[in-house]
Amino acid sequence: MSVQAAISDTGAPAAGPDGHPGKPARRRSGVQLLVLGVLLAVASWCALSLGTPYVPLHRLFGGDEITQVVVSELRVPRLVLALLAGACLGAAGLVLQEALRNPLAVPEMLGVSSGAALGVAAPLVLAVAVPAAVQPLLAIGGAALGGGLTLLAAGLGRSPSAVLLTGAAVAAALQAALLVLMVMADQLDLQLIYRYLLGSLSARTWEDVTGLWPWLLIAVPALVLCAPVLAVLRLGDDDAEALGVRARRARFAALAVAVVLIAPVTAVCGPVAWVGFLAPQLARRLNPRSDAVGWLPWSAAWGAVVVALADVPARLALAPVEIPVGAWTALLGVPAGVALLRRAR
């Protein structure tokens, strides 16, 4: 059996006479693209126009000097960062879920997000001056520590279910370490750490956005190479081995790709919760006959839209006080994701 045939047996899109996906799959993709475009337009208008000061649509790029500073230096970079962060988290969530063949395999339950947050928060509490360029490296180190502990404790990834259960324990231990740091922190640092741990886009600038590009240049090619392997892993370890894919090594590689996606975002925004859970569920629900290769771009797109939409009430619901965007992604994302899981079953 060829790899292509094996993957199609697991639910690839129905093909037409010319070998391309049939009309229902193309129609479904067109509808999904339209919905994403409308939601993105609404989120972008709310992000750029609403707030203090209110900026009408016709003045977004032609108003007075103060309006231009507010839009170009505060609101546009925040919107771009929300889209990039959501896309990274959505793609990382799909990578982890496909590698472990479990829809609950999200960064929050594998020690990856907690480890990245611990790597960034520890120097703040310990009063160690860390340049902004080094923070992503600390986050990657913490995320690799959390993910590595999970795989080592689970027997180097022999069983996907064991990895998931062990990851939940490792994540709890790392969150306990974060609580210890919060007890040690003074009042000012405690407020900063608390807001950071909930995930926030407040006061982010173009410098924060440009800090993500080097990591995206590494992660995007890795994602392109990783997606076909994830489609084979979905068949199960034995079948994947028979098709020439070393399941344990592939699982390690998938975790490494997820770390490179999650850690820099966590360093800049904090752990924006449960985007990596909801976005893949939406991608699968709206493309039920696809595979990891087809789901990956949709999961990234849904992640970007989810964070951009969640940032609107985060800014405006209790204005002038801002609610961390991670609180909204968890509040809205978890019930929606659970509902999607129940309907899929």
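Each reported figure results from applying straightforward, stated rules to the coordinates on display, with no laboratory input. Quantities reported herein were computed from a predicted structural model and do not represent experimental measurements. Reconstructed Cβ throughout: ideal geometry from the backbone, glycine too, with neighbour counts over all protein chains shown.
Extending each Cα 7 Å along its Cβ direction at Trp45 and Ala129, get the distance between those two points in nm, one decimal.
According to this spin-label approximation, the distance is 4.8 nm.
Return Trp215, Trp302, Trp295 ranked ascending by Cβ neighbour count within 10 Å, so the fewest neighbours appear first. All intermediate terms of the calculation are to be shown ahead of the outcome.
Working: Trp215 19, Trp302 29, Trp295 26.
Ranked by crowding around the Cβ, least crowded first: Trp215, Trp295, Trp302.
Taking a spot 7 Å from the Cα of Asp238 along the direction of its beta carbon, which residues of the range 73-112 have an amide N less than 18 Å from it?
Under 18 Å, as judged by backbone N against the label point of Asp238, lie 101 of the range 73-112.
Net charge near Ala327, counting Lys/Arg +1 and Asp/Glu -1 over other residues with Cβ under 12 Å of its Cβ?
Numbers: positive: Arg195; negative: Asp311, Glu322.
Overall, the nearby charge balance is -1.
Give the relative contact order (percent, whole number) for the chain; include only Cα pairs under 8 Å separated by 6+ residues. If you can, show how the numbers build up before the last one.
Numbers: 535 pairs, mean separation 101.5, N = 345.
With pairs under 8 Å counted, the relative contact order is 29 percent.
Determine the gain in length on full extension of the stretch Asn102-Ala203; use 0.36 nm per residue of separation and subtract their C-alpha separation, reporting nm with one decimal. Walk me through the intermediate numbers first.
Numbers: separation 101, 0.36 × 101 = 36.36 nm, distance 3.59 nm.
Once the chain is fully extended between Asn102 and Ala203, it gains 32.8 nm.
Using a simple spin-label model with points 7 Å from Cα along the Cα→Cβ vector, what separation in nm is obtained for Arg248 and Ala319?
Roughly 5.6 nm, to one decimal.
Highest first, please rank the peptides 241-254, 184-197, 75-88 by the mean number of other Cβ atoms sitting within 10 Å of their residues.
Numbers: 241-254: 16.4, 184-197: 14.6, 75-88: 24.0.
Highest to lowest by the protection proxy: 75-88, 241-254, 184-197.
Could you compute the FRET efficiency for Ala169 and Val69, with r as their C-beta to C-beta distance and R0 at 41 Å, rounded to 0.05?
Numbers: r = 48 Å, r/R0 = 1.17.
E between Ala169 and Val69, to the nearest 0.05, is 0.30.
When the chain is fully extended, how far beyond the present Cα-Cα distance does Gln191 get from Val334, taking 0.36 nm per residue of separation? Before the final figure, lay out the partial values.
Numbers: separation 143, 0.36 × 143 = 51.48 nm, distance 2.53 nm.
That pair, Gln191 and Val334, stretches by 48.9 nm at full extension.
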